[in-house]
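The values are calculated or read from the model by the stated rules, or taken from the named source; none is laboratory data. No experiment lies behind these values; they were computed from the predicted model shown. With ideal geometry, Cβ positions are generated from the backbone for all residues, glycine too; neighbour counts draw on all protein chains shown. To get the accessible areas, we keep the full protein, side chains included, count just its heavy atoms, and leave off ligands, DNA and RNA. Shrake-Rupley method; radii C 1.70, N 1.55, O 1.52, S 1.80 Å.
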Amino acid sequence: MNKTRLEAFSDGVLAIIITIMVLEIKVPEGHEFADLKPLIPKFLSYVLSFIYVGIYWNNHHYLIHSLSKINGKILWANLHLLFWLSLIPVATGWMGEHNFAKASMTLYGVVLLLSSVAYFILQRIIIISEGKNSVIAKAIGKDVKGNVSSILYIVGIAFSFYNEWISGAAYFTVALLWLIPDKRIERVFTSKN
């Protein structure tokens, strides 16, 4: 298998994940703007999850772009990542349906944490496959953003049992952290070409 096929398959799965999430937002029965009010929690949870899926899509592109060869470990690690990402619509729907209730915030955080663990595993397998002096290894470096994200997910999960606002703030902070473009990766890939 070449990397183009792997990337196309992954892109398709991520597109389906986004589609499933937006289909959870049902059209209101009424015809007044006030009828949209019950949709606010669903819409906010959708926006946050859309951002997360977009972040994974963007970073996944760089990972796959860095590959010179595909092996079975990479295929399985990629499927592992897609498995956890495919649970985001369930967690998003539950969170939005129940106005960010504590249990839904816990599940959301667990899915985000396990998605980040799966991404880390895929990243490590690619670095091992490509070599410690590879372009991607240089770009990732010590992965401070990844480590900080994992800590914030754990904080969010822990606080979800006590205060869903703090939990939500932790998850939102991770999204903001990754929305800021990572110039290291672009710089390394630009200098390669």
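Being under 20 Å from residue 51 (Cβ atoms) and touching an Asp or Glu at 6+ places or on another chain (Cβ under 8 Å) is a condition met by at least one residue of region 126-148.
Applying a threshold of 6 Å to beta carbon distances and a minimum spacing of six or more residues, or different chains, the list of pairs starting in region 33-46 at a residue that is on the phi < 0 side of the Ramachandran plot and ending at one that is open to solvent by less than 90 Å² (accessible area, probe 1.4 Å) and in a helix (DSSP H, G or I) reads 41/96; 42/96; 45/92; 45/95; 45/96; 46/21. Of all the numbered requirements in (1) of a type outside the set (D, E, K, R); (2) open to solvent by less than 50 Å² (accessible area, probe 1.4 Å); (3) at pLDDT 95 or above, residue 117 misses one, and that requirement is (2).
For the residues 46, 52, 108, the requirement of being in contact with a Leu (Cβ under 8 Å, 6 or more places away or on another chain) and either surrounded by 20 or more Cβ atoms within 10 Å (Cβ to Cβ) or more than 20 Å from residue 174 (Cβ to Cβ) (or both) singles out 52.
Checking 83, 172 one by one, the residue that is open to solvent by 40 Å² or more (accessible area, probe 1.4 Å), under 20 Å from residue 48 (Cβ atoms), among the hydrophobic types (A, V, I, L, M, F, W, C) and out of contact with any Asp or Glu (no Cβ under 6 Å at 6 or more places or on another chain) is 172 and no other.
Given the structure, is residue 134 under 24 Å from residue 159 (Cα atoms) and open to solvent by less than 50 Å² (accessible area, probe 1.4 Å)? No, not satisfied. The single residue among 167, 150, 160 that is in contact with a Leu (Cβ under 9 Å, 6 or more places away or on another chain), surrounded by 20 or more Cβ atoms within 10 Å (Cβ to Cβ) and modelled with pLDDT of 90 or more turns out to be 160.
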